[in-house]
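Enquirer: The structure's right below; bear with me while I get my questions together.
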Amino acid sequence: MASDSALPPVIGAIADDRDGNALGTITTVFLDDVTQRPTWVGLTDGPGGTSGDVPVIAPISDAEYADGRLRLTVPADAVRTAPRVSQPDRLSPEEETTLREHYRAVAATGRHGTTDTIAIPVVHPGTTTDTTDATDTTAATRGAAGTTSDTAMTRSEEQLQVSTVREPWTRAVLRIEEVTEEVMVPVTITRQQARIEYLPLAPGDRTDTTGTPGDERSTSTSEWVTLYAEQPAVTLERVPVERVRLRTAWATEETTVTEELRKEQIELTTTETPLA
């Protein structure tokens, strides 16, 4: 038995038990392999479940849909204690048999020791499952007697149900790389300068500058002075400046989904041949 995720508008609806208590969100509809009729529904276990979880299985027979909610014919305890399946989108024959036995046991016992009527999929010869209620034979009797006739036709069409699936997108790794940049830092330096100072002579410091003609005196003297200046001294030191961590955040963007949908059209064809 395979699932069909394109049965509007049940997918995404809220499933209630027979008393109107919310059970979860419907994520899957299982169809009978032969009749292609919906037989079971998979729903999340409570409001916190996601579509990727293995759903809880409940029978859809005689369920009523209204205002975005599907009211099942089983109690909440029966759904919560239902056997879990191994795959979210397929039921094996063994799992389906186990589910039928579980809900039949609930229908036979009831919550207060009385007999409850629950629509349970049953197996007919030559088919896998069907959605016939084991306790409801009104429709079968009415069809066999041939007392009703319906000329109305049911038109079906495909509807697009768009959901989101969370899956890996990319990987991010923190790596440290060294880059070189030129930095200009102003530095103030000091250096010595030489200058000439003139001091007046005291009376006792004066000497006779006159001499006899022909005497030669040394008129030039030299003295060297060492001048000092500051030069910039540059040293490099590696120090920690900040901490960087990798964090993730969700960003929301709008996207468009394009899909071709098929729908049925009903035409009226008449013939000019008179009826006999």
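Enquirer: Using the Cα gyration tensor of the range 230-276, with a ≥ b ≥ c the square roots of its eigenvalues, what is the shape: rounded (a/c below 1.5), prolate (a/b larger than b/c) or oblate (neither)? It would help to have the intermediate numbers written out before the result.
Expert: Working: a/c = 13.95, a/b = 6.91, b/c = 2.02.
Here the range 230-276 falls in the prolate category.
Enquirer: Next question, about the same structure. Can you compute the FRET efficiency between Val173 and Asp67 using 1/(1 + (r/R0)^6), with r the Cβ-Cβ distance and R0 = 45 Å? Round to the nearest 0.05.
Expert: On the way: r = 49 Å, r/R0 = 1.09.
Using R0 = 45 Å, I get an efficiency of 0.35.
Enquirer: Given H placed on each backbone N at 1.01 Å, which residues far from Ile60 in sequence or on other chains put an amide H within less than 5 Å of it?
Expert: The list, which skips near neighbours in sequence, is Trp40, Val41.
Enquirer: List the residues whose amide H sits under 5 Å from the amide H of Asp45, counting only those 5 or more places along or on another chain, with H placed 1.01 Å from N in the peptide plane.
Expert: Those lying under 5 Å, H to H, from Asp45 are Val56.
Enquirer: Return the sequence-ordered ³J(HN,Hα) values of the range 80-90 in whole Hz as given by the Karplus equation 6.51 cos²θ - 1.76 cosθ + 1.60 applied to θ = phi - 60°, using x for Gly and Pro.
Expert: 5, 9, 5, x, 7, 9, 8, 10, x, 10, 7
Enquirer: List the residues, sorted by chain then number, that are 5 or more residues from Thr28 or on another chain and whose placed amide H is less than 5 Å from its amide H.
Expert: Gly42
Enquirer: Here's something else I'd like to know. For labels at Lys263 and Thr188 in the simple 7 Å Cα→Cβ model, what's the distance in nm?
Expert: The modelled label-to-label distance comes out at 8.4 nm.
Enquirer: Quick one: if the Förster radius is 25 Å, what FRET efficiency do Val165 and Arg80 give, using the C-beta to C-beta distance and rounding to 0.05? Display every interim value, and only then the final one.
Expert: Numbers: r = 26 Å, r/R0 = 1.05.
Between Val165 and Arg80 the formula returns 0.45.
Enquirer: Still on this structure, please answer the following. Using θ = phi - 60° and the Karplus form 6.51 cos²θ - 1.76 cosθ + 1.60, what ³J(HN,Hα) does each residue of the range 70-76 get, whole Hz, x for Gly and Pro?
Expert: Each residue's phi maps through the Karplus curve to give 10, 9, 7, 9, 10, x, 5 Hz.
FYI, it's all coordinate maths here, none of it is from the lab. Because the structure is predicted, anything quoted here is derived from the model rather than measured. A quick note on method: Cβ atoms are made from the backbone with ideal geometry, for glycine too, and the neighbour counts reach across all protein chains shown.
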